[in-house]
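S.K.: My questions all concern the structure below.
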Amino acid sequence: MRFLIDECLSIDLVSIASQAGHEAQHVARVGKAGWKDWNVARHAAEGDFVLVTNNASDFRMLYAAQPLHAGLVIIIPSVNRVQQQRLFLGALDELARFGEPVNRVLEVDIEGDEVTFKLYDFPADSP
């Protein structure tokens, strides 16, 4: 899989994806820092990237308008770099079980000490 890491998340997630055998880019490291969310979503779509963000509300709205997308991973809580790494590793494991998240959203959250996942079709009427 190819991942585009939003600038609201740690650059360290690129290394984690790489170590797991995936291609990854960070928005700030590919000259897109400060881009509006709609530009980031378009770049992700054009590059066939699964977008990883914690900006749930904006990107849910943008992805709802896309009839086809590579997928969206939302790290729900706003947490420190180490916790982001933990949650992203969990997301990679979860995606390994389910495969490419085409037209799906994977939400990653924490309940107590447990990492939780919610995978669903998005937009909801996707095949």
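S.K.: Just a yes or no: is a residue in segment 30-38 of a type in the set (A, V, I, L, M, F, W, C), surrounded by 15 or more Cβ atoms within 10 Å (Cβ to Cβ) and closer than 20 Å to residue 83 by Cα?
M.R.: Within segment 30-38, none of the residues are of a type in the set (A, V, I, L, M, F, W, C), surrounded by 15 or more Cβ atoms within 10 Å (Cβ to Cβ) and closer than 20 Å to residue 83 by Cα.
Let's see how each residue does on (1) without any contact (Cβ under 8 Å) to a residue 40 or more places away in the chain; (2) touching a Phe, Trp or Tyr at 6+ places or on another chain (Cβ under 7 Å); (3) within 22 Å of residue 41 (Cβ to Cβ); (4) exposed (fewer than 13 other Cβ atoms within 10 Å of the Cβ):
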| position | (1), (2), (3), (4) |
| --- | --- |
| 80 | yes, no, no, yes |
| 83 | yes, no, no, no |
| 88 | no, no, yes, no |
| 106 | yes, yes, yes, no |
| 115 | yes, no, no, no |
| 119 | yes, yes, yes, no |
| 123 | no, no, yes, no |
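S.K.: Report, by residue number, each residue of segment 39-57 that is aliphatic (A, V, I, L, M), crowded, with 16+ Cβ neighbours inside 10 Å and closer than 21 Å to residue 79 by Cβ.
M.R.: 40, 50, 51, 52, listed by residue number.
S.K.: Only residues that are among the hydrophobic types (A, V, I, L, M, F, W, C) and more than 18 Å from residue 40 (Cα to Cα): list them for segment 90-104, please.
M.R.: Hits for segment 90-104 are 91, 92, 95, 96, 98.
S.K.: State the number of residues belonging to segment 15-29 that are assigned to a helix (DSSP H, G or I), within 16 Å of the chain's Cα centre (by Cα) and either exposed (fewer than 12 other Cβ atoms within 10 Å of the Cβ) or among the polar types (S, T, N, Q) (or both).
M.R.: Final tally of qualifying residues: 2.
Just so you know, all these numbers are worked out from the coordinates, no wet-lab data involved. It should be emphasised that the depicted structure is a prediction, and the values quoted were computed from it without experimental measurement. Reconstructed Cβ throughout: ideal geometry from the backbone, glycine too, with neighbour counts over all protein chains shown.
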